[in-house]
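Heads up: the structure comes next, in structure tokens.
The values are calculated or read from the model by the stated rules, or taken from the named source; none is laboratory data. Since the model is a prediction, treat every value here as computed from it, not as a measurement. FYI the Cβ positions are ideal-geometry reconstructions off the backbone, even for glycines, and counts take in every protein chain you see.
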Amino acid sequence: MNSPRHAKAEPVGANDNASCLKESYDLVIAGGGYVGLSLALAVRQASGLSVLVVEPQVMERMRKDERASAVASAATRMLQSLGVWDTIAPDAEPIRKMEVTDSKLKDIVRPVLLTFEGGAKDGEPFAYMVPNGAMVGALGDAAKAAGVDVLEGHSVKDFIVDGSAVSLFLQSGETVGAKLLVAADGVRSRLRDLAGIHVNRFDYDQIGIVTTVEHERPHEGCAVEHFLPAGPFAILPLKGNRSSLVWNERTDDAKRLLSMDDFTFGLELERRFGKQLGALEEKGPRKGFPLGMVLARSYVASRFALVGDAAHGIHPIAGQGLNLGFKDVASLAEVIVEAARLGQDIGAFDVLERYERWRRFDVTQMGVTCDLLNRLFSNKSEVLRHVRDFGLGMVDRLPGLKRMFIEEAAGHRGEVPKLLRGEGL
């Protein structure tokens, strides 16, 4: 029996463009979401290296994703540097204000304990809500226009590292060589497992319910995070009188909510959302995502690197998951481009170690912070409630500390890569 490394898989999907492949590339990226495409575009634009993106889905399906993501101010600067923000911006809604409450579900009044107002640097909003379909569409179009080869409807099935190259065995049946393989294939990354990289994993026994609602009154760019005993309930502004919801519940309760008819679900939604924006109507698909923390023990191996959710999955309580992925992109792209300009091997382990040193502490710090916040707020302890409410109130009265939190959320603190500063590579 043939090893999977050498088996010829049959092509799948109508979009079979495997015949356009070169025999070898400088960089192959497995995963064509926002993280994979932005990395491909950044490296291709700045260096001219040959780049292939292998994506199991077909782009047209990805463009129809009706969900939205919070994109921090620094990440929008990167998208501007890559030349795609002007295409995305008409669909993006700025977050100009955020209110934080802490209450029980049955509480009639939910006093606002902490308010973040104003922008990040230079008057920019500290984040935007961006439709996923618009973002992946703009990045995909720009990557192809820049000369990135995109193989849709296929995946990397296996790979072998042999000295100065890595051989990739694709689902199309083709074999492609590369100097470096980057896995951007999500939190359940197969390639991470094949590379022998282990993870630290924790299950929160929570499900994040994501949907879109329409409301009578305008949100005026205000995001709201209600901390409830079961977990945070976030209301995030979209274009028009619409908001995206990220609603965390214990697993069993979330499954019941997801299976409810529209009327009953609407009643439960209103109990948590409140009536401050008038009548509500669910407009988007209702989906649930199990929540946990996954941190890779290493971000690199021989001719191999992890980015985005393949390297880290954290609790959405701070809305930083995608932004950590964009920071990976900016850091790895800078490392690759600088190495190429110096005539170094972009897949060499000492080159990749620069990327790991740059990102690992930052990601671990954010993952632990989100874990602690979730434990602190997602419980029924009255003692902890009084402690955290006192803490939120103190932060609200200290402008310097509030500014620090805003800059952290906007992605402007720490050792910021060039792209996140709005600079070219």
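Quick notes on this structure:
- Residue in region 219-227 that is touching a residue at least 60 places away in the same chain (Cβ under 8 Å), among the aromatic types (F, W, Y) and not in a helix (DSSP H, G or I) present: yes
- Restricting region 5-33 to residues that are of a type outside the set (G, A, S) and at pLDDT 95 or above, the residue that is surrounded by the fewest Cβ atoms within 10 Å (Cβ to Cβ) is D26.
- One residue alone among R413, R359 is under 29 Å from V300 (Cβ atoms), of a type in the set (D, E, K, R), part of a loop (DSSP other than H, G, I, E, B) and touching a helix residue (DSSP H, G or I) at 6+ places or on another chain (Cβ under 9 Å), and that residue is R413.
- Complete set of residues in region 296-326 that are surrounded by fewer than 22 Cβ atoms within 10 Å (Cβ to Cβ) and of a type outside the set (G, A, S): R297
- Looking at D345, D371, D350, just one residue is closer than 25 Å to G308 by Cα and within 23 Å of the chain's Cα centre (by Cα), and that residue is D371.
- Within region 241-255, being in a helix (DSSP H, G or I) and either in contact with a helix residue (DSSP H, G or I) (Cβ under 7 Å, 6 or more places away or on another chain) or surrounded by 12 or more Cβ atoms within 10 Å (Cβ to Cβ) (or both) holds for T251, D253, A254, K255.
- Hits in region 80-91 - residues which are closer than 26 Å to G414 by Cα and either in contact (Cβ under 8 Å) with a residue 60 or more places away in the chain or part of a strand (DSSP E or B) (or both): Q80, S81, L82
- When we screen Q45, Q80 for residues that are surrounded by fewer than 20 Cβ atoms within 10 Å (Cβ to Cβ) and within 24 Å of L332 (Cβ to Cβ), the only hit is Q80.
- For region 231-240, the criterion of being farther than 19 Å from E268 by Cβ, under 21 Å from the mean Cα position of the chain (by Cα) and part of a loop (DSSP other than H, G, I, E, B) is satisfied by at least one residue.
- Total residues in region 92-123, condition hydrophobic (A, V, I, L, M, F, W, C) and either assigned to a loop (DSSP other than H, G, I, E, B) or more than 30 Å from G391 (Cβ to Cβ) (or both): 5
- Scope region 338-357; condition out of contact with any strand residue (DSSP E or B) (no Cβ under 8 Å at 6 or more places or on another chain) and surrounded by fewer than 20 Cβ atoms within 10 Å (Cβ to Cβ); matching residues: E338, R341, L342, G343, Q344, A348, D350, R354, R357
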